[in-house]
Amino acid sequence: MSRIPALAWGVIAALVALAVPTWNFGSPFLRQFFISPFQFFIIPLWLVAYYSVRTGKMPMRSGPPLRREEDPVAFRQNLWFTIFMGAAMFVFNLWISWQVMSRRR
């Protein structure tokens, strides 16, 4: 039995989280979810995390970027925080979209 990577589990969880409300409300839910301004709180965080994993540099608001080879513990903490906050904003956008669609019924 092969081990499923954590990224695959994350993608599966995100797809299920979108599929259930779509099943309940139909395609208007997807429009509400993807057109929502809260996407601006999700996508940049995940893009920064992706960039950091690929390059080994975590951009910082002030000062030089945090490098994976120089401080691996702080790099990992910042990376997981960025991923977690993107996921939290994803869940928040999902909840807001659910609330909007529930009022339209």
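Some points to look at:
- What separates the Cα centres of segment 91-105 and segment 11-49 is a distance of 11 Å.
- Relative protection proxy for 38-47, 85-94, 8-17, 67-76, from highest mean packing down: 85-94, 38-47, 67-76, 8-17 (other beta-carbon atoms within 10 angstrom).
- From the largest down, the chain spans 54, 43, 16 angstrom on the principal axes of its Cα atoms.
- Each 5 Å bin from zero up to the one holding the largest Cα-Cα distance in segment 34-85 carries the following percent of pairs: 5, 21, 29, 23, 11, 7, 4, 1.
- Sequentially through segment 43-58, phi angles give Karplus couplings (6.51, -1.76, 1.60; θ = phi - 60°) of 4, x, 5, 5, 5, 5, 4, 4, 4, 5, 5, 5, 9, x, 10, 9 Hz, Gly and Pro residues having no value and appearing as x.
- Taking amide H positions as modeled 1.01 Å from N, with prolines and chain starts lacking one, the residues under 5 Å from Arg67 and 5 or more places away or on another chain are Met58.
- Take every Cα pair under 8 Å whose residues are at least 6 apart in sequence, average their separation, divide by the length of segment 6-104, and the relative contact order is 32 percent.
None of the figures in this text is laboratory data; all of them are computed from the coordinates on show. This is a predicted model, so every value here is computed, not measured. With ideal geometry, Cβ positions are generated from the backbone for all residues, glycine too; neighbour counts draw on all protein chains shown.
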